[in-house]
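Only the coordinates and a few stated rules stand behind these numbers; no lab work does. From a predicted model like this one, the values you see are computed outputs, not experimental measurements. Here the Cβ is made from the backbone with ideal geometry for all residues, glycine too, and neighbour counts use every protein chain on show.
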Amino acid sequence: MRRLTLLAMLMCLASCDGHGTPFADEAAARQARDLIAQRCGACHRVPGIDSAQGRVGPSLAEISRQQVIAGHFVNTPEMLTRWIEHPQSLLPGDAMPEMGLSHEQARLIADYLYRVE
């Protein structure tokens, strides 16, 4: 029984990212990568997305390990989603523009960014 428990734990860990939440499915991951390529890559570098090589904004590699977002906000998945969705309402005048993303699109992007290293 102990071996089955250990095996179950290892299987759960293998399917999770560093934050313990697996991506819903490959279609969601693909949608997130497409959104990042279309909306974020001109300004940011994002691991795993060849066209995301921008140098205007910071690299988004290992963003899940950063303490703050935009120098002002505690880095949580919820705050990153809010920042991606409406940066100008959180920090008016910041260089990060409103991208016209829905809450769901912003959440997909944040989920992806929290999974890449």
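What GluC sites (Glu not before Pro) in segment 62-111 are in a loop by DSSP, with at most 15 other Cβ atoms within 10 Å of the Cβ? Please report the intermediate quantities before stating the final value.
Values: sites: 62, 78, 85, 98, 104; in loops: 62, 98.
Hits after loop and neighbour filter: 62, 98.
If only the Cβ of Lys and Arg carry +1 and only the Cβ of Asp and Glu carry -1, the dipole of segment 26-117 around its Cα centre is close to 160 debye. For the pair residue 37 and residue 50, label points projected 7 Å from Cα toward Cβ lie 0.9 nm apart.
3J(HN,Hα) couplings calculated from phi for segment 95-111 with the Karplus curve 6.51 cos²θ - 1.76 cosθ + 1.60 (θ = phi - 60°) are, in sequence order, 5, 6, x, 5, 9, x, 8, 6, 4, 5, 5, 4, 5, 4, 5, 4, 4 Hz; Gly and Pro show x. Extension gain for residue 89-residue 59 works out to 8.6 nm (0.36 nm per residue, less the C-alpha to C-alpha distance). Does segment 17-117 come out rounded, prolate or oblate by the C-alpha gyration tensor, with a ≥ b ≥ c the root eigenvalues, rounded set by a/c under 1.5 and, if not, prolate when a/b is larger than b/c and oblate if not? Rounded.
How far, in nm, would the chain grow between residue 102 and residue 73 when pulled straight, counting 0.36 nm per residue and subtracting the alpha carbon separation?
The span from residue 102 to residue 73 would gain 8.4 nm if fully extended.
Of all trypsin sites (Lys or Arg not before Pro) in segment 32-117, which ones are in loop regions per DSSP and have a Cβ with at most 10 other Cβ atoms within 10 Å?
Numbers: sites: 33, 39, 45, 55, 65, 82, 107, 115; in loops: 55.
Those satisfying the criteria are 55.
Of the residues 53, 93, 69, the one whose Cα sits farthest toward the positive end of the charge dipole of segment 43-94, with +1 on the Cβ of Lys and Arg and -1 on the Cβ of Asp and Glu, is 53.
Calculate, for residue 66 and residue 27, the FRET efficiency according to 1/(1 + (r/R0)^6) with r their C-beta to C-beta distance and R0 25 Å; round to the nearest 0.05.
On the way: r = 28 Å, r/R0 = 1.12.
Computed FRET efficiency for residue 66 and residue 27 comes out at 0.35.
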